[in-house]
Amino acid sequence: MIKIGIIGGAGYTAGELIRLLLNHPDAEITFVNSTSNAGNLITDVHCGLFGETDMRFTDQLPLDSIDLLFFCTAHGDTKKFMESHTVPDNVKIIDLSMDYRIESDEHDFVYGLPELNRRRICKSQHIANPGCFATCIQLAVLPLAKHLMLNSELHVNAITGSTGAGVKPSSTSHFSWRNDNISIYKPFTHQHLAEIGQSLRQLQNSFESNINFIPVRGNFSRGIFATTYIDCKVGLDEIRRIYEEYYDDHSFTFITDKNPDLKQVVNTNKCLLYLQKYDNKLLIISMIDNLLKGASGQAVHNMNLLFGLEETVGLHLKPSAF
C-alpha cells in the first residue's frame, strides 16, 4: 500500500482527492493535515464522505511514515513549506498548487501532464500538477504542436464552474450572484498561460504566437468547456488522424465525432475533444471536470505513474450525464 499524507485538507480539491484515495485499492491515507480543522472529523468538512471514513484532521506532520505527500495548498504555500520543512528524500511529492509548474534549474519538479510528460513523470520524485484551464486547453492543441502546426494566433474561450474559484466564499462565487449569471475575468492575462506556453514550446520550439484566452465564470458548479480555433489548411480527416494517433496510448483523452456536452465528463477523469473545420479555421472543443482531470483525478493519475501502477487504477468513474 502507498502510504499518503495530505497537506491542506479542507478545500474542494482535497475533498475530491480524499474521496478517490479512500476508494483506491493501492492507497492508504496516513494523515490529512489542516491546522484550522485539527481534531475535527473529515466528514464535518467533506460531508459527502459521511459513512466512508472516520478519520480526523490533524495539525501533525508525521512525514517519516508516508511514501507520498500531496499538497492541496493555496498558491505560494507549498514553496513556503518546502523552504521551512525537511521532507525525507524517499517521500515523493505531488503539488496541486501552481508554485512549481514552470520548470527551472532552481527546483526538480516535473510538469505533471501525463499526455505530455508520462515517461518523465514515471522516473520523477516531485510532480507539479497542472492547472485546470491549462489542462483543458493543452489537450486541445498538443497534437498540433507535435506536428509543428501552431503557426497563427490561438483563440480560446473557456467557461468554468464555480468550484474553480475554491471553497472560500467570495463576491463572484456567492450563489445569488453566480446563479443565472455570466462574466469574464483576467482576459488575455490568466496565470495558466505561462504553463500552456511552456508545454507548447516543448513540442514546437518555434511557437511564438499569442494565446488569446478569455476565461468565463459559468453559472454551474463544476466542469470546463473550452472552444479553441486556429488557422489551419489541413483537411479534417487528416487532423482527426493526427489527434487519434497522439492520444492512442493515453487512457483518459478521447476524440468524439458527436458534438459533446459538459455532463459527459463531469465526475470523471476524462477529456473529450471534438474537431470541426470551417473553411480554413479549425475548431477544437475540449472539456474536463476541473476538480478531477483538472486537479485531483490527474494527481491520482500521476501517483499511479510514480508508483508503477496501471494508470487508470482508482479512476474508473461514472459521468453525471443525467
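The values are calculated or read from the model by the stated rules, or taken from the named source; none is laboratory data. Small disclaimer: the values here were computed from a predicted structure and weren't measured. Cβ atoms come from the backbone with ideal geometry, glycine included; neighbour counts cover every protein chain shown. With ligands, DNA and RNA removed, areas are computed over all heavy atoms of the protein, side chains included. Shrake-Rupley method; radii C 1.70, N 1.55, O 1.52, S 1.80 Å.
Of note:
- Comparison of Thr53, Thr43, Thr78 shows that the only residue that is closer than 25 Å to Thr135 by Cβ, open to solvent by less than 60 Å² (accessible area, probe 1.4 Å) and either out of contact with any Asp or Glu (no Cβ under 7 Å at 6 or more places or on another chain) or assigned to a helix (DSSP H, G or I) (or both) is Thr78.
- Of the residues making up region 249-260, those that are open to solvent by 80 Å² or more (accessible area, probe 1.4 Å) and under 29 Å from Phe220 (Cα atoms) are Phe254, Asp257, Lys258, Asn259.
- Contact map, region 232-248: first residue open to solvent by 70 Å² or more (accessible area, probe 1.4 Å), second residue at pLDDT 95 or above and among the polar types (S, T, N, Q), Cβ cut-off under 9 Å, separation 6 or more or different chains; pairs are Lys233/Asn280.
- Restricting region 83-96 to residues that are within 18 Å of His301 (Cα to Cα) and part of a loop (DSSP other than H, G, I, E, B), the residue that is most open to solvent (accessible area, probe 1.4 Å) is Leu96.
- Screening Lys281 against (1) open to solvent by 10 Å² or more (accessible area, probe 1.4 Å); (2) over 14 Å from Ile230 (Cβ atoms); (3) of a type in the set (Lys, Arg) leaves a single unmet condition, (2).
- Counting only strands (runs of 3 or more DSSP E) wholly contained in region 141-257, the ones carrying 1 or more residues that are at pLDDT 95 or above, under 18 Å from the mean Cα position of the chain (by Cα) and among the hydroxyl-bearing types (Ser, Thr, Tyr) occupy 154-160, 224-231, 253-256.
- Cβ separations smaller than 9 Å between residues 6+ apart or across chains give the following pairs from region 50-79 residues that are free of Cβ contacts under 8 Å to residues at least 60 places away in the same chain and more than 13 Å from Val32 (Cα to Cα) to residues that are open to solvent by 80 Å² or more (accessible area, probe 1.4 Å) and part of a loop (DSSP other than H, G, I, E, B): Glu52/Asn23.
- Candidates Asp26, Asp99 - the one that is touching a Lys or Arg at 6+ places or on another chain (Cβ under 9 Å), open to solvent by less than 60 Å² (accessible area, probe 1.4 Å) and of a type in the set (Asp, Glu): Asp99
- Subset tally (residues that are buried (at least 24 other Cβ atoms within 10 Å of the Cβ) and of a type in the set (Ser, Thr, Tyr)) for region 102-139: 1
- From the options Gly9, Gly5, residue that is modelled with pLDDT under 95, of a type outside the set (A, V, I, L, M, F, W, C) and either closer than 21 Å to Asp95 by Cα or assigned to a loop (DSSP other than H, G, I, E, B) (or both): Gly9
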